[in-house]
Every structure is written in C-alpha cells, then in structure tokens.
1. Taking 7 Å along the Cα-to-C-beta vector as the label spot, tell me the Met1-Arg114 distance in nanometres, rounded to one decimal.
2. May I ask for the Rg/Rh ratio of the range 1-72, computed from Cα atoms with Rh as the Kirkwood radius, given to two decimals?
3. Ranked highest first by the average count of other Cβ atoms within 10 Å around their residues, in what order do 61-72, 1-12, 94-105 fall?
4. Share of antiparallel DSSP beta bridges in the chain, in percent to the nearest 5?
5. What shape does the range 59-148 have by the C-alpha gyration tensor, where a ≥ b ≥ c are the square roots of the eigenvalues, rounded means a/c under 1.5, and otherwise prolate means a/b greater than b/c and oblate the rest?
6. For the chain, what is the relative contact order in percent, using Cα pairs closer than 8 Å and at least 6 residues apart in sequence?
7. Let me check against my output: what whole-number percent is the relative contact order of the range 16-96, with C-alpha pairs under 8 Å and at least 6 apart?
8. Less than 17 Å from a label point 7 Å out along the Cα-to-Cβ axis of Lys81: which backbone N atoms in the range 100-135 qualify, by residue?
Amino acid sequence: MKPKLYLSESHSDHRGKVSFSNECDLTKAVRTYKVTNEKIRTVRAWHGHRLEEKWISVEEGEFLICAVKVNDFEKPNKKQKIYKFTMNSDSGILHIPCNFANGAMNFTNKNSIRYFSSLKLEQSKDDDFRFDSRYWDPWSEFNPNLYE
C-alpha cells in the first residue's frame with residue numbers, strides 16, 4: 001500500500017460552497033489534532049508508525065507533505081522513494097498507511113493542517129518512531145527556515 005490522495009470536490013450555489021471527499025473512509029480515525037507553524041517553511045518531520053495510519057487535510061495555506069515507506073524502523077533505507085504532495089484546503093485528504101514516516105512543510109505564513117489518527121494517544125506513544133528531519137530530504141530545494 002502507498003499514500004493516496006482522495007481529491008476534494010465541491011458544489012456551489014447561491015448559498016455558498018460545499019466541499020467534500022466522499023471516497024475517503026475515516027471510520028478507522030479515533031482522534032484528530034491540528035498543527036500551525038509560526039514561521040514560513042517550517043519542516044516537521046519525520047514521524048513514523050508501524051501500526052498507526054494517518055489522514056491529513058490542509059485547512060489553511062499550502063503545504064508540502066511527504067511520506068516514505070519505512071523498511072526497517074531501526075535503520076531505514078535512506079534511498080526509499082519519497083512520495084510528495086503539494087496540498088491546500090481544496091486538495092482533499094491524504095491517507096498515509098502504516099509502516100510509513102511522514103512530514104510536512106508550510107509554504108504560507110497563515111497555515112493550518114489537520115491530522116486524523118487510527119490509534120488513541122496512549123497506543124500511539126508505543127508506536128512512535130522519530131527520524132531526523134533531514135534523514136530523507138525533499139525540503140532543502142525550498143530553503144526551509146526551521147527544521148523540527
């Protein structure tokens with residue numbers, strides 16, 4: 001399995017606009033959290049999970065969201081394919097399967113990104129693998145201001 005972007009669709013009429021991603025199934029999601037960055041081009045990466053799945057939606061601004069399949073959580077292959085998605089609030093919802101690490105960088109000052117997770121927080125803590133933000137580096141071409 002690889003990351004999949006469920007495209008957003010919309011319908012507009014005299015009342016306004018409704019946006020939706022009807023193909024995306026969020027029944028496994030048990031919690032959600034929102035992240036905003038103070039500085040433009042802040043990199044938050046890499047966060048991996050063996051069991052947990054993520055769904056990501058940009059609420060405001062534009063982000064580069066990346067994912068890498070982790071072949072070995074103790075010593076991952078640095079040459080793994082990096083899946084890259086440039087997303088904004090009209091893009092839809094990105095699904096990151098288990099056995100992947102993900103990261104994001106905002107391209108705008110005003111920004112907000114929402115994550116949905118398939119594990120409760122206590123379960124997620126036991127399935128939490130962090131890698132240096134430059135371990136895989138799709139970010140440097142965009143001149144990041146901050147790596148976290």
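1. Here the modelled spin labels are 2.1 nm apart.
2. Taking Rg over the Kirkwood Rh, I get 1.00.
3. My ranking of the peptides, most packed first, is 94-105, 61-72, 1-12.
4. Antiparallel: roughly 95 percent of the beta bridges in the chain.
5. Oblate.
6. 38 percent
7. Working: 70 pairs, mean separation 28.9, N = 81.
The normalised contact order for the range 16-96 reaches 36 percent.
8. 100-102
Taken together, the values in this text are just the output of simple stated rules run on the coordinates, not laboratory data. All values derive from a computational prediction rather than experimental measurement. Don't worry about glycine lacking a Cβ; one is built from the backbone with ideal geometry, like all the others, and counts go over all protein chains shown.
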